[in-house]
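Beneath this line is the structure, given in structure tokens, with notes to follow.
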Amino acid sequence: MRLLQKLLRKPSVSPGIVAISFVANGFAIAITRYAEQERPRLLHCEFVAGSEAQLLPLLEALVKNHQLEEYDCHILLAPEQYRAISIEAPAVNPEEMKQAVRWRIADLLDYPVDQAVIDYYPLPPSNRPNTPQMLEVIACTEYLIATLGARCRQAGLRVKVVDIQETALRNLATLLPENQQGIALLHLQKDAGRVILQKDGAIHLSRKLVSGYQALAEASANNEMELGFMAQDGLALEIQRSFDYVENFFDIPPITSLALVLMPIDTQKIINFLTISHGITARAMDLSAIVDADILLSDAMQNLCAPVIGASLRRALETDQ
């Protein structure tokens, strides 16, 4: 099974995509239907809480209730389930690239490289002379892929793609009006976060953030206002560093706009802080305004399910023969 599927493939004839992401306390799922001459339509999404032993029967019930047997299944890896490593592209022939990449990152993994599933995608070339071509390498264990795939197949799903957070969030960013000139997308979850910078569908940078919206809210509460400002300043600094890196490394006009995935709390407060205190052009990204859906998308649901919604918005692709 390939970890990342190439983008230029013949679309599947399945009725749509069901994207699913397993985490420690459950799974997030999104179901999107595709039809000729129509925009993709989100039929359902939710976060299903459950223990490890409960996940399979819970998923089986969803497959049965929504008749998902003919849908293509995209497994979306959770942030903690894989590593993304930036490297210079090895100077080898294309047919040798995968093996060269594997051995280039072997010492950076905390498990044997022969137990790893590895894929990569090229970052856009820099406009600066003599700047090396960079690759973003994705690595996880074969055991993880086998376990998640088996669980989905046992539930009656047809696994077609294993996806990652970067490309799932990129899919959402491409729906925004700033896509062509470039935009940053910030996804702050409860205990962590991620910011990606993409332009016209090409990911230029992805950066994981070590704290989420809960830490920002807790630091701002009660008598800890100074800690709250420090936490918010740290977030703004990470975003500005990302802007500066992309502009300088790729030698492109600055990307200055940021869209924030809605959060259960303090969305507008964070936007105001970034805009007023740090001059970052930030706004909320309400998926209800950019995704055709049959369901109501609360702020909390958007925060939990934004990545799987993004993963479900890429048409299923034919696997390599």
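Just so you know, all these numbers are worked out from the coordinates, no wet-lab data involved. Values in this document were obtained by computation on a predicted structure and should not be read as measured data. Note that each Cβ is placed from the backbone with ideal geometry, even for glycine, and that neighbours are counted across all protein chains shown.
Numbers below:
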item	result
Table column - 3J(HN,Hα) (Hz), segment 150-165, Karplus curve with 6.51, -1.76, 1.60, x for Gly and Pro	5, 4, 5, 5, 4, 7, x, 8, 9, 6, 10, 9, 10, 10, 10, 4
Sorted by Cβ neighbour density within 10 Å, fewest at the top, the residues 290, 280, 75	290, 280, 75
Cysteines, the chain, no other Cys beta-carbon under 4.7 Å	73, 140, 152
Long-range HN-HN contacts of residue 73 with modeled amide H, under 5 Å	18, 158, 159, 160, 161
Highest-fluctuation residue, 188, 56, 68 considered, GNM on the chain with Cα pairs under 10 Å	56
Residues whose placed amide H lies under 5 Å from that of residue 281, excluding near-sequence neighbours	258
Sequence of 113, 261, 246 once ranked by neighbouring C-beta atoms within 10 Å, starting from the fewest	113, 246, 261
Relative contact order, percent, the chain [alpha-carbon distance under 8 Å, six or more residues apart]	24 percent
Surrounding net charge for residue 190, when Lys and Arg each add one and Asp and Glu each subtract one, Cβ distance under 14 Å	-4
Using θ = phi - 60° and Karplus 6.51 cos²θ - 1.76 cosθ + 1.60, couplings along segment 131-143 (whole Hz; Gly, Pro as x)	8, x, 6, 10, 10, 9, 9, 10, 9, 8, 8, 4, 4
Potential extension, residue 35-residue 65 segment - 0.36 nm per residue separation minus Cα distance	8.8 nm
Dipole in debye (nearest 20) - segment 9-82, about Cα centre, beta carbon charges: Lys, Arg +1; Asp, Glu -1	260 debye
Distant-in-sequence amide H partners of residue 26 (H built 1.01 Å from N, under 5 Å)	50
Local electrostatic count, residue 276, Cβ distance below 14 Å [Lys/Arg +1, Asp/Glu -1]	+1
Gaussian network model of the chain, springs between alpha carbon atoms under 10 Å - residue of 21, 288, 242 with greatest fluctuation	288
Local net charge near residue 292, Cβ-Cβ under 13 Å (Lys/Arg +1, Asp/Glu -1)	+1
For the chain, built as a Gaussian network whose Cα springs stay under 10 Å, the top-fluctuating residue of 97, 263, 285	97
Alpha-carbon centroids, segment 32-78 and segment 227-302: separation in whole Å	28 Å
In order through segment 30-47: 3J(HN,Hα) via Karplus (6.51 cos²θ - 1.76 cosθ + 1.60), integer Hz, x for Gly, Pro	9, 10, 10, 9, 10, 9, 4, 6, 10, 6, x, 10, 6, 8, 6, 8, 6, 9
Sparse-neighbourhood loop sites, GluC sites (Glu not before Pro) in segment 12-101 - DSSP loop, at most 16 other Cβ within 10 angstrom	36, 38, 69, 70
Estimated dipole of the chain in Debye, rounded to 20 [Cβ of Lys and Arg +1, of Asp and Glu -1, Cα centre]	600 debye
